[in-house]
Amino acid sequence: MALRRELHRRGLRYRVQYSIVDRRRRHDIVFTRARVVVEVRGCFWHACPTHGTFPKANAQWWADKLQGNRERDQRTDDLLRQAGWTVVIVWEHENAEGAAERVATAIEDIRG
Ligand SMILES: [Zn+2]
């Protein structure tokens, strides 16, 4: 994945597929020492506000399904923040350099 490569290129080291508050959920990129978690979200499955789309066939089922995903994302983010983690959300459509910059800034802010 381009974002992981970009973070690595900047000398940032992280764990992948790491569980924090919910053993059933694994996070894509986790900086354990800084307590920063990067959630990479696919535009379709996580109903991106810019280009999330709802399929026309079985529209209601999809609306419920995608809404459920969004609510689950929100609950997970809340749990993480309550546990003292910084959550950086990156959408699939973002370019890797810009996203890596945001992650790097979050980590630098924490390190002081
Ligand atoms: Zn998107």
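Counting only heavy atoms of protein chains, what accessible area per residue, in Å², does the chain have with a probe of 1.4 Å?
Value for the chain: 65 Å² per residue.
At a 1.4 Å probe, what is the % contribution of carbon and sulfur to the accessible area of the chain? Provide the component values of the computation, followed by the final result.
On the way: 3390 of 7270 Å².
Carbon and sulfur: 47 percent of the exposed surface of the chain.
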- request: Let me know the longest stretch in the chain that avoids all trypsin sites (Lys or Arg not before Pro) found in a DSSP loop with at most 11 other C-beta atoms within 10 Å.
  value: 57-112
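When the dipole is taken about the Cα centre of the chain, and only Lys, Arg (+1) and Asp, Glu (-1) are charged at their Cβ, what size is it in debye, to the nearest 20?
On the way: 21 positive and 15 negative charges, 101 e Å.
It works out to roughly 480 debye.
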- line: Here, Asp109 and His51, labelled 7 Å along Cα→Cβ, have an inter-label distance in nm of 2.7
query: Per the helix-only calculation at 222 nm, which mean residue ellipticity applies to the chain, given -39500 (n - 2.57) for every DSSP H run of n ≥ 4 and division by its residues, nearest 500 deg cm²/dmol?
result: -14000 deg cm²/dmol
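The values are calculated or read from the model by the stated rules, or taken from the named source; none is laboratory data. Remember, predicted model here, so these are calculated numbers, not experimental data. Note: ideal-geometry Cβ built from the backbone for every residue, glycine included; neighbour counts use all protein chains shown. In case anyone asks, the SASA skips ligands and DNA or RNA and just uses the protein heavy atoms, side chains included. Shrake-Rupley method; radii C 1.70, N 1.55, O 1.52, S 1.80 Å.
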